[in-house]
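Trainee: Shown below is the structure under consideration.
The values are calculated or read from the model by the stated rules, or taken from the named source; none is laboratory data. The model shown is predicted, which means the values in this text are computed figures rather than measured ones. Glycine also receives a Cβ, built like all others from the backbone with ideal geometry; neighbour counts cover every protein chain displayed.
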């Protein structure tokens, strides 16, 4: 009957955090939208794989989760040390912390739509302030 | 028994959009947190009043709403023309569009906590790109 979508969402985050990307297809449709752009499940996997490659200590840490019907909303908080270019930023070797507030629509237990807002402004501010320590 | 929190949230947005800020106290506790900082209901009202003064055509337009228990998550989309400094940005007289992804905790039908992420990066990008039309 009703899927326990919150448990399912936490299982999806565990796949990401345990780097079991082969299991992603169980949680993500073959065609989905990411911020209203149509992408494939393979493209979604590639995006996450690239993030993990650039940021080996990336952990998806849910601080707030709201689930209703086929929708999940989550506040993810990241504290990580990017090693390569990440989200368009050149890392400085130090830790950055930032949030992502993301909405998902699930369809039969798999993600069909992602609407994500990542706090790039905060990342840019941290990098800039460290580059100008006299401020 | 159970408050219809989604209806209550839409009523709160109507208060903002109809500029009935005297009614805000019905929807906001006298003490609340905004991004983990303790503020007063009056301080929250002042913040919104300042936003509206700087951006007369500010409309809170919910594109996604997820409600469960005492929690509301919402994607708000703004298309507006700031007239004075807004979110730290100096306006250029043109329209900007940006999203806010915001989580609320309600307590007895009134907002007790707000965790907001506003897409400042997008605003900065729009202003910068218009300031350098040759890019």
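Trainee: Which condition breaks for residue B:24 when tested against (1) under 20 Å from residue B:4 (Cβ atoms); (2) in contact with a strand residue (DSSP E or B) (Cβ under 8 Å, 6 or more places away or on another chain); (3) surrounded by 15 or more Cβ atoms within 10 Å (Cβ to Cβ)?
Mentor: Every listed condition holds for residue B:24 apart from (2).
Trainee: Collect the residues in region B:32-58 that are assigned to a strand (DSSP E or B) and in contact (Cβ under 8 Å) with a residue 40 or more places away in the chain, keeping them in residue-number order. Steps first, please.
Mentor: So in region B:32-58, the residues assigned to a strand (DSSP E or B) come out as B:32-34, B:37-40.
Within region B:32-58, B:32, B:33, B:34 meet the criteria.
Trainee: Could you grab the pairs with beta carbons closer than 7 Å, sequence gap of 6+ or different chains, first residue in region A:1-24 and in a helix (DSSP H, G or I), second one buried (at least 17 other Cβ atoms within 10 Å of the Cβ) and at pLDDT below 95?
Mentor: Close Cβ pairs satisfying both conditions: none exist.
Trainee: Looking at region B:53-68, can you tell me whether even one residue there is under 18 Å from residue A:35 (Cα atoms), more than 10 Å from chain A (Cβ to nearest Cβ), at pLDDT 95 or above and touching a helix residue (DSSP H, G or I) at 6+ places or on another chain (Cβ under 7 Å)?
Mentor: Filtering region B:53-68 for residues under 18 Å from residue A:35 (Cα atoms) gives B:61-66.
Narrowing further to those that are more than 10 Å from chain A (Cβ to nearest Cβ): B:61-62.
Now restrict to residues that are at pLDDT 95 or above: B:61-62.
Still in the list and also touching a helix residue (DSSP H, G or I) at 6+ places or on another chain (Cβ under 7 Å): B:62.
So far as region B:53-68 goes, yes, one or more of its residues are under 18 Å from residue A:35 (Cα atoms), more than 10 Å from chain A (Cβ to nearest Cβ), at pLDDT 95 or above and touching a helix residue (DSSP H, G or I) at 6+ places or on another chain (Cβ under 7 Å).
Trainee: Taking the stated definitions as given, is residue A:76 within 22 Å of residue B:116 (Cα to Cα) and surrounded by 12 or more Cβ atoms within 10 Å (Cβ to Cβ)? Steps first, answer last, please.
Mentor: Details: within 22 Å of residue B:116 (Cα to Cα): yes; surrounded by 12 or more Cβ atoms within 10 Å (Cβ to Cβ): yes.
Yes.
Trainee: Spot the failing condition for residue B:82; the list is (1) in contact with a helix residue (DSSP H, G or I) (Cβ under 9 Å, 6 or more places away or on another chain); (2) over 22 Å from residue A:120 (Cα atoms); (3) away from every other protein chain (no Cβ under 14 Å); (4) surrounded by 18 or more Cβ atoms within 10 Å (Cβ to Cβ), and only one is missed.
Mentor: It is condition (2) that residue B:82 fails.
Trainee: Something else about it: Go through region A:87-116 and report how many residues are within 14 Å of chain B (Cβ to nearest Cβ) and either within 22 Å of residue A:41 (Cβ to Cβ) or surrounded by fewer than 19 Cβ atoms within 10 Å (Cβ to Cβ) (or both).
Mentor: 15
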